[in-house]
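Following: one structure in structure tokens, then a few remarks.
The values are calculated or read from the model by the stated rules, or taken from the named source; none is laboratory data. Keep in mind the model is a prediction, meaning the values are calculated, not measured. Cβ coordinates were reconstructed from backbone atoms using ideal geometry, including for glycine residues, and neighbour counts include every protein chain displayed.
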Amino acid sequence: MGEDTIAAIATALGEGSIAVVRVSGPDAINTVAKVFKSKQNLREVPTHTVQYGWIVDPHNDNVLDEVLVTVMKGPRSFTAEDVVEISTHGGIVAVKSVLELVLRHGARLAEPGEFTKRAFLNGRIDLAQAEAVIDLIRSKSDRAFQVARKQAEGALSKQIVPMRQQLIELLAHVEVNIDYPEHDVDDVSSGLIRDNCSSVLKQVQELLIKSNEGKILREGIVTAIAGRPNAGKSSLLNALARENKAIVTDIPGTTRDIVEETISLSGIPLRLLDTAGIRETSDRVEQIGVERSHGALNDADLILLVLNHHEPLHDDERKLLKQLKDRSTLIVVNKIDLPGQLVIEEVEQDYAKERIVYLSAKEGSGIEQLEKAVSGMFFSGAVESGDITYVSNARHIALLHQTKQSLEDAIRASYESVPIDLIQIDIAASWESLGHILGDAAGDSLLDQIFSQFCLGK
Amino acid sequence: MTYRAGDYDVIVIGAGHAGCEAALAAARMGCETLLLTINLDMVAFMPCNPSVGGPAKGHVVREIDALGGEMGRNIDKTFIQMRMLNTAKGPAVHALRAQADKFMYQHKMKETIEQQERLTLRQGLVEDLMIEDGACVGVVTKTGAEYGAKTVVLTTGTYLRGKVILGELMYESGPNNQQPAVKLSEALKRCGFQLARFKTGTPPRVHEDSIDFSKTEIQPGDDKPKYFSYETGYMAHSEQQIPCWLTYTSEETHQIINDNLYRAPMFSGLIEGTGPRYCPSIEDKIVRFADKPKHQIFLEPEGRNTKEYYVQGLSTSMPEEVQIDILRSIPGLEKVEMMRPGYAIEYDAVIPTQLWPSLETKIVQNLFTAGQINGTSGYEEAAGQGIMAGINAARKVQGAEPVIIDRSKGYIGVMIDDLVTKGTNEPYRLLTSRAEYRLLLRHDNADLRLTPIGFEIGLITEARHQKFVEKRTRVEAEIERLKETKFRPDETVQAMLAQAESAPLSNTVDGLTLLRRPELTYGHLESLTPSPIELSDDIKEQVEIQVKYTGYIEKQQIQVDRMERMEKKRIPDNIDYDIIYGLAVEAKQKLGKIRPLSIGQASRISGVTPADLSILLVHLEHYNRVTAAAHGS
């Protein structure tokens, strides 16, 4: 077969049950063996057996989770390759850290639909299923692409771009030394390599620390809080942020009219957008705000539509209710501390009872029910992009670790008077792994950099 | 009126650096070959710099030699200076560069061609291609000669609808005032080829006796020069090398150029062709890098029996009188006598994505193209494509599969894959950074990479192959010996280490471990335990490099292995991308245009995503199983 080894979370993300990390490929058993502590040596256990033990980070002996590990040697497995499945405790935290650890020890994150693709290519799936396999790859890839595109505008990208620029300027300098040895460009010194690589390394390390704290999950599920003016959107946002300790508190709104807050709700990253109140208006300035709010609603993965318990349903709200009924929308009836004038039966025509939550943002009551409803939607798969967002973050973290490794190699080599064209291999590798986070191919941009940075020619 | 002038296996049109290699390769592989050129005095002419080699380019010359080509041998016979560049850097980027006696270079190459069996050299301007059923079957010259051929190789350089531009002056011309090939360009268009318009340029030449060398710095050759060809023994002319000289532009130079920019065809709009970024004219450099106070100028002799000097760094298409002013503003050239002005030249090129990796065109069967016509620049790039086009034209005649060099096997492979997979929007120059496996594509191991291929196809003689195999075996044996040799922390060893400023040993290690210390060389180990059999210098060098850089070499080898799995997944050439279920529209268009031979090549096409590749793989698997089932029943 000769393929590389891939890993991914194989189960839908769910609280309370079991989650599974699946690893497939020639090095699957060896990879998991590196991080699995048990009475048995995983490399020696018979096929189709289950082992009890712990997932342990070999670098610091931290125990990540108590797990069951199933070994299925090829060809008697789903992909016909060696497959290892790690069953962790449910919830996001455990399975996420186990996957990240496996990715750091030799596996790469599976592409969308890749297990199924391998199963097909290795003859485990019937010929008649070819189109279904293609559909799966296409739809998963397209969704991953959409998430990636959203992330390209995110905070992580904004930090990666200048790091890459610093590396590519260094690379261009190295390349000019190599390809134009007689040109009047100073040689890159090992000191210059160290300074640049160390500075980028420091930033990578900071990102990795943040990722452990969950701060990297800024690109969470985009959640729009919508409603008429004064329905209590801002107080809801504040209440949620207060209860769930906002991950980032200092993000300026993308526009003056949209305030953002990112929170972690039962481990699920939510990017909350408080939109301007939606109502028919002739005020030009307010119209712009309303248009932006509609835009935010279109882009959102999840919508919290806030209704005012203290007022009867307004025509603007009736419109929104119709418009949003086929989306991932939860109805939040706010201000239940005040006397009710809202006729809820009208809402219930289009929305099942599970989709309606009652609370008072002001008093903080009912917030728990909202959280339950949100995670219920998320784990039932109603909010689609969630697991992809999450998984692509695992990928980012794996890539950041690779970048770190390459930079450390480059710095070490620069102390050992290794020739510059060899150090270049590691610098280029770090530049490329950062590039994979952004999702753009390396391509010709190095040459562009060389010829814009230096005056060359005969 | 036309007449039937002869029939050949292979016809090569153009006797520049690509054409010479193509014709020699085809004839040496047993094909009756005709080499046609507009002017017999221009065989292997160097219209620009009188030099061969440098980073990546020098590697290509070594590769041509390892395959059994001529460029390396020819430059070894005719160099006036030889330098190994990048010696302070790693072994992968050491690069040999020679200054050529450009006249000798031509004469020696012409002599080799004239003496080659089965090869006919003839003067003639080809104006049309004979096409039957979508295949090229011969060529027609201006004088009415019709030559039949089984395959044809076009190596037209800058002659194709060439146009020289110099200040406000513009006229149809090939390089150095040669006749251009105008009608052939029209013939290609009639066949359906898409042509691009490219531009290149050359600096003025000046008289040696009018240069004040005291104001310049000397640039001598190496005392003990290495040679390009693995076959070259000692060359007596190594003792009579001629130096080059270095000077710089002055403030006045920049002033003159700025004052006359309005007369520069680059900026007045006279030039429509795309020029190379890495070979800009001096006016281009001064505009784009206005902050740079001075630019290097190298003065390079053009031969042993000429007074002409090439002014490297001063490529220009300024009007003649401005060129004289520019030259005289440069220290050392105050009283210089300009012998020929520099000029820009525009020419037609075939957009190279219209070619298969064998360099046969997708549009006309049995027609191959190589060199500048494929959008490259440089003698070495041309020669590297020339030998491959010659090999594959001959193999087509012989009914054999084409030879395609992998990206991990040679710069020639990198270049051709880049051209046919990605195309190019400016004249393409090889740079070492274009290779993703630079450490594997070293100057020193071109023979290990390519000589087995050269032997297999019949370009490397039995005797040379024997020598090569012996070398390879001895390298392996010596590495094995070092692995088995233990060094104990005894007095002799510690003394040697102290001498080499290397840390003393604390326990016994093998020779490989010791040799991996950055400060130690093969010589250090040899001083303690010499090889029982006499080893040549290049064997010792090879052992040292392979041992010292094992870690990095293995890192790249892992990437190569991964890539090779993709290269091995072949795509049938009758595939119809339009009907593949699930493929993105952009991928269908790109794949349909390039028609890659493997999944590996497909992965390098921009706009083809990993998801598209997965879907293509699933489709191919489906196709294979259906085909297998059909054959089984």
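Take A:Ala33 and decide whether it is in contact with a Leu (Cβ under 6 Å, 6 or more places away or on another chain) and not hydroxyl-bearing (Ser, Thr, Tyr).
Yes; evaluated as a whole, the condition is true for this residue.
Among (1) closer than 18 Å to A:Thr223 by Cβ; (2) surrounded by 13 or more Cβ atoms within 10 Å (Cβ to Cβ), there is one condition A:Asp299 misses while meeting the rest; what is its number?
(2)
Enumerate the strands (runs of 3 or more DSSP E) found wholly within segment B:102-213, keeping only those where 1 or more residues are farther than 30 Å from B:Ile282 by Cβ and either hydrophobic (A, V, I, L, M, F, W, C) or in contact (Cβ under 8 Å) with a residue 40 or more places away in the chain (or both).
Passing ranges, in order: B:119-123, B:126-132, B:135-141, B:145-154.
Identify, from the list B:Lys467, B:Lys555, the residue that is free of Cβ contacts under 8 Å to residues at least 12 places away in the same chain and within 14 Å of chain A (Cβ to nearest Cβ). It would help to see each step written out before you state the result.
Details: B:Lys467 fails: within 14 Å of chain A (Cβ to nearest Cβ).
Result of the check over B:Lys467, B:Lys555: B:Lys555.
Would you check if there is a residue in segment B:309-324 being out of contact with any strand residue (DSSP E or B) (no Cβ under 8 Å at 6 or more places or on another chain), part of a loop (DSSP other than H, G, I, E, B) and more than 18 Å from B:Ser268 (Cβ to Cβ)?
no
B:Tyr549 passes all but one of (1) within 30 Å of B:Gln354 (Cβ to Cβ); (2) within 14 Å of chain A (Cβ to nearest Cβ); (3) surrounded by 15 or more Cβ atoms within 10 Å (Cβ to Cβ); which number fails?
Result: B:Tyr549 passes all but (1).
Quick one: is B:Glu308 crowded, with 17+ Cβ neighbours inside 10 Å, acidic (Asp, Glu), within 14 Å of another protein chain (Cβ to nearest Cβ) and more than 24 Å from the chain's Cα centre (by Cα)?
no
Under 8 Å between Cβ atoms, which residue pairs at least 6 apart in sequence (or on different chains) link something in segment A:212-231 that is at positive phi with a partner that is at pLDDT below 70 and outside any loop (DSSP other than H, G, I, E, B)?
Once the first residue is at positive phi and sits in segment A:212-231, its partners that are at pLDDT below 70 and outside any loop (DSSP other than H, G, I, E, B) give A:Gly214/A:Ser264; A:Gly214/A:Pro269.
Please count how many residues of segment B:325-350 are part of a loop (DSSP other than H, G, I, E, B) and hydroxyl-bearing (Ser, Thr, Tyr).
Residues meeting the conditions: 1.
Does A:Leu64 satisfy the condition of being within 20 Å of A:Leu400 (Cβ to Cβ) and touching a Lys or Arg at 6+ places or on another chain (Cβ under 6 Å)?
Details: within 20 Å of A:Leu400 (Cβ to Cβ): yes; touching a Lys or Arg at 6+ places or on another chain (Cβ under 6 Å): no.
No: the conditions fail for A:Leu64.
Cβ-Cβ distance below 6 Å, separation of 6 or more or different chains: which pairs start in segment A:13-25 with a residue that is modelled with pLDDT of 85 or more and end on one that is of a type in the set (D, E, K, R)?
Close Cβ pairs satisfying both conditions: A:Val20/A:Glu85; A:Arg22/A:Glu85; A:Ser24/A:Glu81; A:Gly25/A:Glu3; A:Gly25/A:Asp4; A:Gly25/A:Glu81.
Answer yes if at least one residue in segment B:219-229 is in contact with a Phe, Trp or Tyr (Cβ under 7 Å, 6 or more places away or on another chain) and surrounded by 13 or more Cβ atoms within 10 Å (Cβ to Cβ), and no otherwise.
Yes - at least one qualifying residue is present in segment B:219-229.
Of all residues being among the acidic types (Asp, Glu) and buried (at least 16 other Cβ atoms within 10 Å of the Cβ) in segment B:90-146, which is nearest to B:Ala15 (Cα to Cα)? Just the residue, please.
Looking at the filtered set, the residue picked out is B:Glu127.
Just one of (1) out of contact with any strand residue (DSSP E or B) (no Cβ under 8 Å at 6 or more places or on another chain); (2) under 19 Å from B:Ser358 (Cα atoms); (3) surrounded by 24 or more Cβ atoms within 10 Å (Cβ to Cβ) trips up B:Ala44, so point out which.
It fails just one condition, (2).
Pairs needed: first member in segment A:445-458, facing another protein chain (nearest Cβ under 8 Å); second member anywhere, surrounded by fewer than 19 Cβ atoms within 10 Å (Cβ to Cβ) and modelled with pLDDT under 80; C-beta distance under 7 Å; at least 6 residues apart or different chains.
Filtered contacts from segment A:445-458: A:Phe451/B:Arg277.
So A:Ile125 fits all but one of (1) more than 9 Å from chain B (Cβ to nearest Cβ); (2) assigned to a helix (DSSP H, G or I); (3) of a type in the set (A, V, I, L, M); what number is the exception?
(2)
So that you can scan it fast, the table gives a plain yes or no per residue for (1) within 28 Å of the chain's Cα centre (by Cα); (2) among the β-branched types (Val, Ile, Thr):
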site: B:Ile579; (1), (2): no, yes
site: B:Ala584; (1), (2): no, no
site: B:Lys590; (1), (2): yes, no
site: B:Val626; (1), (2): no, yes
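Give A:Arg138, A:Arg143, A:Arg149 a once-over and let me know the one that is facing another protein chain (nearest Cβ under 10 Å) and either surrounded by fewer than 17 Cβ atoms within 10 Å (Cβ to Cβ) or modelled with pLDDT under 85 (or both).
Values: A:Arg143 fails: facing another protein chain (nearest Cβ under 10 Å); A:Arg149 fails: facing another protein chain (nearest Cβ under 10 Å).
After ruling out the rest, the residue left standing is A:Arg138.
Got a number for residues in segment B:255-305 being more than 20 Å from B:Met338 (Cβ to Cβ), among the β-branched types (Val, Ile, Thr) and surrounded by 21 or more Cβ atoms within 10 Å (Cβ to Cβ)?
The qualifying residues number 1.
Among the numbered criteria (1) modelled with pLDDT of 95 or more; (2) over 26 Å from B:Asp406 (Cα atoms); (3) in a loop (DSSP other than H, G, I, E, B); (4) not basic (Lys, Arg), which one does B:Ile460 miss?
Among (1) modelled with pLDDT of 95 or more; (2) over 26 Å from B:Asp406 (Cα atoms); (3) in a loop (DSSP other than H, G, I, E, B); (4) not basic (Lys, Arg), the lone unmet condition for B:Ile460 is (2).
What residue, of B:Leu299, B:Leu327, is farther than 27 Å from B:Arg161 by Cβ, within 14 Å of chain A (Cβ to nearest Cβ) and at pLDDT 95 or above?
Residue meeting the stated conditions: B:Leu299.
Only one of B:Gly221, B:Gly134, B:Gly192 is under 30 Å from B:Gln240 (Cα atoms) and small (Gly, Ala, Ser); which?
Sole residue among the options that is under 30 Å from B:Gln240 (Cα atoms) and small (Gly, Ala, Ser): B:Gly221.
Filter segment A:102-117 down to the residues that are more than 14 Å from chain B (Cβ to nearest Cβ) and surrounded by fewer than 23 Cβ atoms within 10 Å (Cβ to Cβ), then identify the one that is farthest from A:Ala28 (Cα to Cα).
Out of the qualifying residues, it is A:Arg104.
Only one of (1) in contact with a helix residue (DSSP H, G or I) (Cβ under 6 Å, 6 or more places away or on another chain); (2) more than 8 Å from every other protein chain (Cβ to nearest Cβ); (3) over 20 Å from A:Ser141 (Cβ atoms) is not met by B:Leu583, so which one is it?
(3)
Taking strands (runs of 3 or more DSSP E) that do not extend beyond segment B:1-82, which have at least 3 residues that are out of contact with any Cys (no Cβ under 9 Å at 6 or more places or on another chain) and not β-branched (Val, Ile, Thr)?
Values: elements: B:3-13, B:33-37, B:51-53.
Counting at least 3 such residues, we get B:3-13.
Any residue in segment A:164-182 that is within 16 Å of B:Lys57 (Cβ to Cβ) sitting within a Cβ distance under 6 Å of a residue that is small (Gly, Ala, Ser)? List the pairs, counting only those 6 or more apart or interchain.
Filtered contacts from segment A:164-182: A:Glu175/B:Ser433.
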